[in-house]
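What follows is a single structure, written as C-alpha cells, with notes after it.
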Amino acid sequence: MTQFTDFGLAQPVLRALDEAGYQSPTPIQAQAIPPAMQGRDLCGIAQTGTGKTAAFALPILHRLSLSDRRAPRRGCRVLVLSPTRELANQIAESFSDYGRHLPYTNTVVFGGVTISRQERALAPGVDILVATPGRLIDLVDRRSLTLEGVEILVLDEADQMLDLGFIHALKRIVRMLPGKRQSLFFSATMPKNIAGLAEQYLTDPVQVAVTPVATTAERVEQQVIFAHTGAKQALLAHILRDPKIDRVLVFTRTKHGADRVVRGLDKAGIAGAAIHGNKSQPQRERALAAFRDGSCRVLVATDIAARGIDVEGVSHVVNFDLPNVPESYVHRIGRTARAGADGLAISFCNDEEKAYLRDIERLTRQKVPVAGFPEGFVPPTRQEAAEIAASEERRPDQRGPRPGQRQGQRPQGQQRPQGQRPQAQRGDHRPGGRPAFGGRPQEGRNPDARNERRGEHRPSQGRPEHQARPERGPEGRPQRPGNRPRNGGGGGEGRAIGWLERAPRS
Ligand code: AMP
C-alpha cells in the first residue's frame, strides 16, 4: 500500500492531500488508515513527526463523510484529547487542512484563555472538537458541552497526558462518552500504565507501531560539548553568531532557565523568544509565529512547551541543559532533521549532567560524539564560570518561590545551605572528562531539575502549561484571534477554525 488513493478515502480528502503535496503515506499512516477507516479501535505507538495526526484525521474525515448525521447542540461527533494547547492547535489545523473540501466544523478549546467564547463556539455543536482535558471538564461542568453525541474518540500523546497528571480527568471524560464509539489511542511510548489504560478503553484494537523512540536519534547528527554551567551562556551566544544557524530551538529544563537564556542572548545582541508555561497564550503564539515565519531565529523552550510543536526547517537543536528524562532528549533532537532534512543537535553537558548523558546513550544505544569548544571561543576560567553560575543563582527572579512552592517553604528533603550549589560549581571543561560523581544526579542536587519536577510536571503543585491562569495578555485584554501561526494557531478561544469560514478551493 504505497499511495493514498489505494485506501479508498473520500475524494475531497484525496484532493486536499494532493494540494498539501503529500505523495505517499508515512508508515504510521499506511498501518493505521485502513483499519481506522473500517471503524476499528486502534492503539498506535508513534511520536510527533511521524505523520500520526493525518493517520487519525484522514480516516475520521472519511468516516464523517459516510453519514449525514449532524453534531448535536453543545456537542460534537469527534473528540480529540491533546495534552497541550500547542498540540491541540496543530491538530485542529490539520483537520482544517485535510478537510478543506468538506463541510465539517472544528473547534479547539484549552485552558488559559477565556471560556465564554469557547462556550459560544460550542453552542450550535461542532463536528470535531479538539480539547485539553482540564478545559473540557470545565465546559462540561458548566453545561456548555455534552459528550453524549461523540462517535469517535482520539487520545493523542497519552503518555504525556499521564505525565501531566491528567489521569483523573481522562477517566472522568471517558465515563461520559457513549459506550458505542470508535477509539483511537496514540502514545509515543507504551509503558505499563499506558498499556493498561489502552486495554481499558479500547475494544479489540489493532496495534500499530512505528520506529521506537530510541532509533529516531540515529537520523540526527549529534554532538556534546562539556561545559561548566557558567560557561554555557557565552558558549550559546558564540555558537549562535554563526549565520549558518538559521533556525534553532534551544531547550532548557525549566521555565526560569528558558527566560534566563533569552535574557543572556539579549545581552549578547541576539534576539530570541521563550515559550513555556509561564508565558501568556498570546506571547506563546507570537513567539511561535515569529519562529515559524523566520523573523525570530532562536526559540528557547521547555520540554513540555515544545512537545508536539511542528516547525519545519529547524536547522539546529541546542540542549542548553540535558534533560533528566532520556526520552526527552530523543524528542528534542527529533525537532530537527524532520522530513529527511539535515539537522544538528548540540548538547551542553556540565558535571552533574554527565549521568544524564549516560542514560541517554544507554537509551539510544549510541555514543554522542564529543566536540571541543568551537573555534574562537574563549571559555571563562573555572573561577569565572563558578562566579557567573553563582550570580545567576542570585538573580532576583530566582529568589521567589519555585513553581508550586509557597513563599518561605522549601519541601522536606530539599534543604540546601545558602549559597551552596552542589556539583554545578565544580566545572569540568575536559572533553570526555569523567563525571565528578559516580551516581545519577539526585533530586536535591540540581535545583532546576527539582523545579521542573515540582512545577512543570505535577499539576497538583502548580498548574501544567495549558492550565495557566486565564490570560489577559500584556495589553490587559483577553486573547484575541490573530497572530495565529498558519491557519489556526489562535483558535484557543473556541473560535471555529473550520472549513465553513473558508471558500473551498476549486
Ligand atoms: P505529525 O506527526 O502528525 O505531527 O506530522 C509531522 C509532519 O509531517 C506534519 O508537518 C505533516 O504535515 C507532515 N506529513 C504528514 N503526513 C505526511 C505525508 N504523508 N507526506 C508528507 N508529509 C506529511
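Before moving on, here are some points about what is shown:
- Simple label model, 7 Å out from Cα along Cβ direction - residue 362 to residue 38, nm: 4.1 nm
- Computed label-point distance, nm, for sites residue 268 and residue 241 using a 7 Å Cα→Cβ extension: 0.9 nm
- A DSSP coil position with no more than 14 other Cβ atoms inside 10 Å describes the following trypsin sites (Lys or Arg not before Pro) in segment 1-96: 69, 70, 73.
- Residues 312, 285, 327, arranged from fewest to most other Cβ atoms within 10 angstrom of their Cβ, appear as 312, 327, 285.
- Cα-projected label distance for residue 116 with residue 203, points at 7 Å along beta-carbon direction, nm: 4.2 nm
- In terms of surrounding Cβ atoms within a 10 Å radius of their Cβ, 156, 97, 293 rank from fewest to most as 293, 97, 156.
- Here the residues 6, 310, ranked from fewest to most Cβ neighbours within 10 Å of their Cβ, fall in the order 6, 310.
- Over 19 Å between alpha carbons, listed pairs 232/255; 232/267; 171/279; 232/354; 52/192: 171/279; 52/192
- About its Cα centre, the dipole of segment 236-363 is roughly 300 debye, where the only charges are +1 on Lys and Arg Cβ and -1 on Asp and Glu Cβ.
- Annotation: extensible slack from residue 371 through residue 219 equals 52.9 nm (criterion: 0.36 nm per residue apart, minus Cα-Cα distance).
- Segment 4-209: relative contact order in percent, alpha carbon pairs under 8 Å with at least 6 residues between: 29 percent
- Using equal-weight Cα scatterers in the Debye expression, the normalised intensity of segment 4-209 in log10 at q = 0.11 Å⁻¹ is -0.45.
- Note on segment 135-242: Rg/Rh from Cα positions, Kirkwood definition for Rh, rounded to two decimals, is 1.18.
- Rounded FRET efficiency, nearest 0.05, which uses the C-beta distance separating residue 172 from residue 2 and R0 of 56 Å: 0.85
- With distances taken between every two different alpha-carbon atoms, segment 34-110 has a Kirkwood hydrodynamic radius of 13.4 Å.
- Using a cutoff of 8 angstrom between alpha carbon atoms and counting only pairs six or more residues apart, the relative contact order for segment 220-397 works out to 35 percent.
- Rg and Dmax [Cα atoms of segment 92-131; Å; Rg one decimal, Dmax integer]: 10.8, 31
- More than 26 Å apart - percent of Cα-Cα pairs taken over segment 220-397: 24 percent
- A Cβ-based charge dipole, computed about the Cα centre of segment 138-286 with Lys and Arg at +1 and Asp and Glu at -1, lands at about 620 debye.
Only the coordinates and a few stated rules stand behind these numbers; no lab work does. Model, not experiment: these values are computed from the prediction. Cβ coordinates were reconstructed from backbone atoms using ideal geometry, including for glycine residues, and neighbour counts include every protein chain displayed.
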